[in-house]
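Notes follow the structure.
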Amino acid sequence: MIQTKNWVKAFILFLSVHIIPVSNVIAEGLVIPTSTKMVEDNATRIYQEINFGSFRKLSKEVFLKGYQGYLNLKQSGQLNDHDVLTICDFSLSSNVPRLWVIDLKKKKVLFNSLVAHGQGSGEEFATNFSNVENSHQSSMGFYVTDNTYYGDKGYSLKLQGKDVGYNDQAFSRAVVIHGADYVSYDFIKGNQRLGRSWGCPALPVELTRPIIDNIKGGTALFIYTSNRKYLASSKWLNKSPKVKMEDMFNPNEPRMLAENAQETRDTVAKPVAPKLPVEKKPVPAEMYFN
C-alpha cells in the first residue's frame with residue numbers, strides 16, 4: 001500500500017513536470033521539495049495578494065524573509081494552525097507604524113501599529129541588539145508566541161526566542177509584548193521619537209489586547225534588522241522549506257486536482273492513432289444476380 005502511494009506521488013510529479021503544465025495541476029496534500037527560487041516566487045505571489053488597505057505597506061524584502069522563516073517554523077512543528085505572521089521592521093524609524101499582523105490565509109493585514117524598541121538599542125532608530133540580561137536592548141530574529149498573563153505592565157504575552165545566540169534568552173529576560181503609554185503619537189510629538197522599553201516590543205495601550213488575542217498561543221513573530229551576520233546565519237532564513245503543491249498556485253488561476261488529471265493525461269500523452277483506409281474487397285459476380 002505504501003509503495004503504491006509513493007508510486008502515485010511520483011507519477012503525479014512526472015505529470016506536472018513533463019506532461020501537464022505545472023500551473024494547471026495540483027496534487028492535493030502533496031508536499032514537494034522546493035528550490036529557493038520556488039519559495040521566493042510563491043512568497044512574492046502571496047505578498048502581491050495581501051490587502052494592505054489603508055495601512056503602511058510592508059517592504060517586500062522583509063516579508064519574503066519573514067515568510068520563509070514562518071514556513072520553516074511551521075514545518076518544524078512549532079506553530080499553531082492560525083496562519084498568522086507578525087513582523088516588526090526595526091530598520092524603520094520608531095515614529096512610523098512598523099509592526100504588521102498578517103492573516104496569511106485571508107491575505108489581509110489585521111493590524112499595523114507603532115512598536116517600541118529597547119532603551120539600549122538606540123533613540124529613534126534601533127541600531128544595537130543584544131541577547132543579554134539587563135542590556136535593555138531588543139533582540140532580533142524569530143519568536144513563537146506563548147501564553148498570556150497579567151503583570152506589572154498589564155495584559156502581556158510571553159515570547160520564546162528561536163534564534164540561538166540572538167534571542168533565545170528572551171524568555172528568561174522577560175522580553176514580552178505589553179502595552180505602554182509611551183507608545184503613542186502624543187509621545188512622539190513631545191519628544192521627537194517614540195518611547196522605549198527595556199527590550200520588549202511594547203505596543204499602544206489601546207491595541208495591546210486585540211493584537212495579543214490575535215497572535216497568542218503559537219504564532220510566528222519576526223523582528224527584522226538588516227544585520228548581515230544574523231541574516232547569513234539564522235537557520236530559519238538559510239533553509240529552503242518544503243511547500244504543499246497546492247500552495248504553489250494562485251487560487252484564481254484555472255487548475256485541476258491531480259486525481260482528475262487522468263483524462264487529460266490520456267489525451268495529451270497518447271497521440272490519437274490515424275484512421276487507416278478500409279481495404280475494399282472484390283465482390284463476387286454471383287452476388288449481383290439472383
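If R₀ is 51 angstrom, what is the calculated FRET efficiency for the pair TYR155 and GLU49, using the beta carbon separation as r and rounding to 0.05? Approximately 0.95, to the nearest 0.05. Count the net charge of all other residues whose Cβ sits under 13 Å from the Cβ of ASP89, scoring Lys and Arg as +1 and Asp and Glu as -1. For residues surrounding ASP89, the net value is +4.
If you take all other residues with their beta carbon under 10 Å from the beta carbon of GLY69, and give Lys and Arg +1 and Asp and Glu -1, the sum is +4.
Sum up the charges of everything whose Cβ sits under 13 Å from the Cβ of ILE212, counting Lys and Arg as +1 and Asp and Glu as -1, but leave ILE212 out. Mind showing how you got there, number by number?
Working: positive: LYS153, LYS158, ARG209, LYS216; negative: ASP146, GLU206, ASP213.
Around ILE212, the charge tally is +1.
Applying the Karplus relation 6.51 cos²θ - 1.76 cosθ + 1.60 with θ = phi - 60° to region 126-132 yields 3J(HN,Hα) values of 8, 10, 10, 9, 8, 10, 9 Hz, where x marks Gly and Pro. Computed packing ranks the peptides 206-215, 171-180, 192-201 as 192-201, 171-180, 206-215, most packed first, by mean other Cβ atoms within 10 Å. When the pairs LYS106/LYS229; LYS158/LYS239; LYS105/LYS153; LYS60/LYS153; LYS60/LYS239 are compared against a 28 Å limit on Cα-Cα distance, LYS106/LYS229; LYS105/LYS153; LYS60/LYS153 fall above it. Applied to region 57-67, the Karplus parametrisation 6.51 cos²θ - 1.76 cosθ + 1.60 on θ = phi - 60° returns per-residue 3J(HN,Hα) values of 7, 6, 4, 4, 4, 5, 4, 4, 5, x, 5 Hz, with x for Gly and Pro.
FYI, it's all coordinate maths here, none of it is from the lab. This is a predicted model, so every value here is computed, not measured. Please note: Cβ atoms are built from the backbone with ideal geometry, for glycine as well, and neighbour counts cover all protein chains shown.
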